[in-house]
Each structure stands twice: as structure tokens, then as C-alpha cells.
Ligand SMILES: [Mg+2]
């Protein structure tokens, strides 16, 4: 589809996803696949396996929607205090290797850097509190503010209203191929797939997009 490595002379704007891209997705995977089912099982007097069996299809049915990332939605659906549970395992929130150096060098090269995330405000707040990354961006935009997830091709036009950018001179870093496809459709030229989204999983390169193990590979 588009396997062009970044050419920093032709890039003014850098858009970066948060979970799995800048931060270790192990936190999110562990939270939704293990920690929440265990808490749900305790609360409802069922086994852990029964909880997983019941919850996974419910989670999947909301993928690629704003509800999926909405902690209040899931608190209500599951009758659990999801933000409080996230706090309980916040020690697992971690920045991927070479991210800080990458952000510093991109900034020093005069590029604008925006975080663009599907994460809910409460998740974002917890993660920024934990990682102290927020000051490194020229802005942070959530899909909830835009009104649709990044997978929606209309997302990028709406994003332009908040953060004007030239798609031909923009780089997007992402660990979700569906988002890269949607951005490709909009004309964003430099698309970088993060193949090591979780420290608990083996890296898997994209067949369609230029892939890196970590941002150390494309430091300007
Ligand atoms: Mg992600």
C-alpha cells in the first residue's frame, strides 16, 4: 500500500498514537484481557474463564467505536469502577524504548508533534500523569473531542479543523493498521507502523506499511 520510509526534509508535522505506539500496550492488553475479567468474575461469583468467555465478545462488538475506549461506558456496562481499576495497575504503564529521544530530536528538528489518540480522557490523564510526556507535544487530540474514531476516514478532515496539517508533509506513527489505512485514504504520506506494540508479544511487521520495531530506527 505505502512503504515509504520517512524523509525528514519533507515532513513538517508528526502525528503519533499513544497506546502501543508511544506506550507499551501490555498495560492495556493485561487490563482488558486479564485484570477486568478477574474483577468481573469476583463480583459476579463466576469463574475467570466464564468471565473471559462472556466479556471478550462484548468487547469485540464495540471495537473501532468510541464506546470501546469510553471508560464510563464500560463502568456502566460491567458495573465496575473501570478508572479506579486502571489506577490499581498503573505501575504497568510504560514508555516504549527510544521514544523520549525520538520526540526530542523531532522537536529539535523544528517539526510540530501532536498526539492523536482514541483513548478516553480519563485514560489519557492517568497515562500522562504516570509518564510525564504531555509537555513534549504541541497538542493532544482525542477522538472523543473529534466525535469519531481514527479508523473512520472522515476523522482526518475533522482533525484539520483543530490542527491544520499538510497531509503530503505529515508522518503518522501507529500500531493499528486500520488507522494507517484510513490515514492513507486521506493522503497522509508517511505512514509508520510500530511492530512492537507490546513488550509481551513478538514484533510483527506490517505487510502494507513501513514498519519499525521502535522509533530509534527513524530518529531524524
Ligand atoms: Mg494504538
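What span do the alpha-carbon atoms of the chain cover on each of the three principal axes, reported in whole Å from largest to smallest?
The Cα atoms of the chain stretch 59, 33, 32 Å along their principal axes.
For the residue pair residue 59 and residue 217, what label-to-label distance in nm results when each label sits 7 Å from Cα along the Cα-to-beta-carbon direction?
Result for the modelled spin labels: 2.6 nm.
Count the DSSP beta bridges whose two residues both fall in the chain, then state the antiparallel fraction as a percent rounded to the nearest 5.
About 5 percent, rounded to the nearest 5.
Checking a compactness column here: for the stretch 27-91, what do you get for Rg(Cα) / (2.2 N^0.38 Å), N being the number of residues?
Numbers: Rg = 11.1 Å, N = 65, 2.2 N^0.38 = 10.7 Å.
Compared with the compact-globule rule of thumb, the stretch 27-91 sits at 1.03.
Of 112, 49, 34, how do they rank once you tally other Cβ atoms within 10 Å and put the fewest first? Numbers along the way, then the final one.
Details: 112 18, 49 10, 34 13.
Fewest-to-most Cβ neighbours within 10 Å comes out as 49, 34, 112.
How big is the stretch 1-40 on each of its three principal axes, counting only the C-alpha atoms and giving the largest first in Å?
50, 21, 11
If I model a spin label at residue 75 and residue 132 as a point 7 Å from the Cα along the Cα→Cβ vector, what separation in nanometres do I get?
2.8
Order these by the 10 Å Cβ neighbour count, fewest first: 186, 40.
Working: 186 17, 40 20.
Neighbour counts put them in this order, fewest first: 186, 40.
Relative to the compact-globule scaling 2.2 N^0.38 Å, provide the ratio for the alpha-carbon radius of gyration of the stretch 35-149. It would help to have the intermediate numbers written out before the result.
Working: Rg = 16.9 Å, N = 115, 2.2 N^0.38 = 13.4 Å.
With N residues counted in the stretch 35-149, Rg over 2.2 N^0.38 Å equals 1.27.
Let me have the 222 nm mean residue ellipticity of the chain computed from DSSP H runs of 4+ only, each contributing -39500 (n - 2.57), with the sum over all residues rounded to the nearest 500. Write out the running numbers ahead of the final one.
Details: 11 runs with 89 residues, N = 220.
Result for the chain, helices only: -11000 deg cm²/dmol.
Relative to the longest principal Cα axis of the chain, at what angle does helix 48-60 sit, 0 to 90 degrees, rounded to 10?
Tilt relative to the chain: about 40 degrees.
Please arrange 13, 21 by counting, for each residue, the other beta carbons lying within 10 Å of its beta carbon, fewest first.
13, 21
Compute the separation of the alpha-carbon centres of the stretch 41-71 and the stretch 203-220 and state it in Å as a whole number.
31
What number in nm² do you get for the stretch 157-197 if you take the convex hull of its Cα atoms and divide its surface by four? Don't skip to the answer; put the middle values down first.
On the way: hull surface 11.4 nm².
Projected area, direction-averaged: 2.9 nm².
Just to be sure I understand the model, the point goes 7 Å from the Cα along the line to the Cβ. What's the resulting residue 101 to residue 145 distance in nm?
Taking the two extended label points, one gets 3.1 nm.
Just so you know, all these numbers are worked out from the coordinates, no wet-lab data involved. Predicted, not measured: the structure shown is a model, and the values here were computed from it. Don't worry about glycine lacking a Cβ; one is built from the backbone with ideal geometry, like all the others, and counts go over all protein chains shown.
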